[in-house]
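The values are calculated or read from the model by the stated rules, or taken from the named source; none is laboratory data. These figures come from a predicted structure and were not determined experimentally. Virtual Cβ from ideal backbone geometry, glycine too; neighbours counted across all protein chains shown. What goes into the accessible areas is simple: the full protein's heavy atoms, side chains included, and nothing from ligands, DNA or RNA. Shrake-Rupley method; radii C 1.70, N 1.55, O 1.52, S 1.80 Å.
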Amino acid sequence: MSQTKEMNRSLGLIHVVLFGFSFMALATVFSTYGIAAQLSHGMVPGAYLLALIVMLFTAYSYGQMSKSIPSAGSAYAYTQKAINPYVGFLVGWAILMDYLFIPMVNYLLFGIFFSAAFPSVPNYVWILSMLLLVTVINVRGVKLATKANAFITIFSIAFILLFIGLSIKEIAGGAGTGTLFSLKPFYNSEEPLSFIISGAALLCFSFLGFDSATAFAEETVNPQKNIPRAVFIITLVGGAIFITVSYFAQNVWPNYNSFVDPDSAAHEIIKFVGGKALASAFLAVYAVTAFGSAMSSQASASRVLYAMGRDGQLPNKFFGTLHQKYNTPVNNILLISAISLLALFLSLSLVASFINFGAFLAFTSVNIAVITYYFVRKKERSLKGTLLYLIIPAVGALLDLWLLINLDIHSKVLGSIWFALGLIYMVVLTKGFRQKPPIMDLSA
């Protein structure tokens, strides 16, 4: 799986930004809108704005670390090399949780939106159909092409622009709040600030993938300059899109408690502003987006497990083997599919919050890695250095921890159990910390 051959530096800034958008899946703004609206009491744009501020601090830290440690392992590599191997292993373990659960989100959303469009077909039929199709394709080794991901991004942006245009038309015609300009979706003085914080803790899920640009450091022209720029642009533009879409969705449908099903609230709003034609277009967008994301995330996760099995972090006989005919890690693909069956029983908000637990741990660690690497080790302690390598990343780390604390209690319990299992596993692997933990390969 690993390659010693040097990669060609052929990617420019625009190419890397497009890769980031395809990983982020811009249409995800519709995925969690309903549950975010209820969590934030109708202040989704305000929650997104807070989430964006937190993510910009973290994006800054990712950009700084990518200058000195250009690695596809991203958060794991940064903490492993900048802090110490033990912390790095635990961050890698937290990231592994996200790898295993992100495919499940796609199956959940596919089932939610298609069962809302076709109520006569049970939710589990859509979930199992998508899961089976993705599993079969990944077993046979078929991967999505870069051009397909770029098409999905362009398709998603076109749909988002159409939704915004139709929403403006409806609001101007007297629908919803009847006004195009209102601060209430950002902050309602009649509601506690805690609702915005809870919404932001969930909605950071929408930003997952902004750090994917760092994986292309070895293929990017002038990576020290272009990778930090790409990470920042992906986060900022993605956040602006999320805020804008949720703002018009809130104004066109202000009653956040009137959805038939909060999980599929976006489908109700889309149908309201654009009728069956726009609802059908949305299903097409989401089918393509969910399929592409499910296939790539399952393939990536299975590859990570294979690398860990091959290198001894997981039992080699199960995780480190390839199918004789297809040359794919079939055991890992089937294991991830089995875990994804939990989509039949778990809620979207719980799974999203669970993934955020691992993400916030990784984000916090990257901010701390900047302080350790630049301020402590490289002694960048001038006035400028103190601001760039101590104050800004420290604020980012505190904001990440703040949102982690505000996650759903169930996700914190499950996330803590997963983290504790990783700690126990590391103690066993290192024979009670007498050996260094093995290096994970998270470059999938």
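Here is how the numbers come out for the structure above:
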| quantity | calculated |
| --- | --- |
| Selection status of Leu109, modelled with pLDDT under 90, open to solvent by less than 10 Å² (accessible area, probe 1.4 Å), farther than 25 Å from Leu423 by Cβ and not in a helix (DSSP H, G or I) | no |
| For Leu133: the one exception among (1) surrounded by fewer than 15 Cβ atoms within 10 Å (Cβ to Cβ); (2) part of a loop (DSSP other than H, G, I, E, B) | (2) |
| Residue count, the range 333-353 (criterion: more than 17 Å from Leu132 (Cβ to Cβ) and open to solvent by less than 60 Å² (accessible area, probe 1.4 Å)) | 8 |
| Filtered residue count, the range 163-217, keeping only those that are over 27 Å from Ser297 (Cβ atoms), of a type in the set (A, V, I, L, M, F, W, C) and touching a residue at least 40 places away in the same chain (Cβ under 8 Å) | 10 |
| 3 or more residues of a type in the set (Val, Ile, Thr), at pLDDT below 95 and on the phi < 0 side of the Ramachandran plot: qualifying helices (runs of 4 or more DSSP H) within the range 358-444 | 409-429 |
| Yes/no for Ala294 being open to solvent by less than 50 Å² (accessible area, probe 1.4 Å) and within 30 Å of Ile157 (Cα to Cα) | yes |
| Matching residues in the range 301-326 - criterion: being outside any loop (DSSP other than H, G, I, E, B) and buried (at least 20 other Cβ atoms within 10 Å of the Cβ) | Ala301, Ser302, Arg303, Val304, Leu305, Tyr306, Ala307, Met308, Gly309, Phe319 |
| Odd one out for Asn251 among (1) under 19 Å from Ala51 (Cα atoms); (2) open to solvent by less than 20 Å² (accessible area, probe 1.4 Å); (3) modelled with pLDDT of 90 or more | (1) |
| Residue satisfying condition, being more than 23 Å from the chain's Cα centre (by Cα) and under 22 Å from Trp93 (Cβ atoms), within set Ile409, Ile424, Ile391 | Ile424 |
